[in-house]
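The values are calculated or read from the model by the stated rules, or taken from the named source; none is laboratory data. Predicted model, so just to flag it, every value in this text is computed and none were measured. Heads up, the Cβs are rebuilt from the backbone with ideal geometry, glycines too, and the neighbour counts pull from every protein chain shown.
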Amino acid sequence: MSSFLKVATLGEVPEADRGLVVEAFGRYIAIFKVGGSFHAVDNRCLHEGASLGDGFLDGGIVTCPWHGWQYDLASGACINNPKLKLRTFPVRVEGDDILIEI
Ligand code: FES
């Protein structure tokens, strides 16, 4: 059974460039604001495990801060290796709160 959990408030997610890393459901999840919407993905880079929340955000693509692998935040797809995909999580906004589903 899935459930939504409040993980942050709107003001905690950076407006640009970076993400916010939260701990929920026993894992670290990076939340990014892209335009007017939010995306949540596993925070761990599939290359060597860097924190993607500390990566560089540009137009829905996050670039890993260690070696530059890139991910499409909407799908989780790794641009450098089409066989790899980050786990993504549905995001819901309720008032000032950001909730994710796992
Ligand atoms: S750890 Fe992310 S590209 Fe190497």
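For the range 14-26, filtering for residues that are at pLDDT below 95 and either surrounded by 12 or more Cβ atoms within 10 Å (Cβ to Cβ) or not aliphatic (A, V, I, L, M) (or both) leaves 7.
Only a single item in (1) touching a residue at least 12 places away in the same chain (Cβ under 8 Å); (2) at positive phi is not met by residue 26, and it is number (1). When the residues of the range 34-52 are filtered to those that are touching a residue at least 40 places away in the same chain (Cβ under 8 Å) and under 19 Å from residue 5 (Cβ atoms), the one that is surrounded by the fewest Cβ atoms within 10 Å (Cβ to Cβ) is 37.
Can you tell me which residue within the range 26-52, out of those that are under 14 Å from residue 88 (Cβ atoms) and outside any strand (DSSP E or B), is farthest from the ligand (Cβ to nearest atom)? Top of the filtered list is 43.
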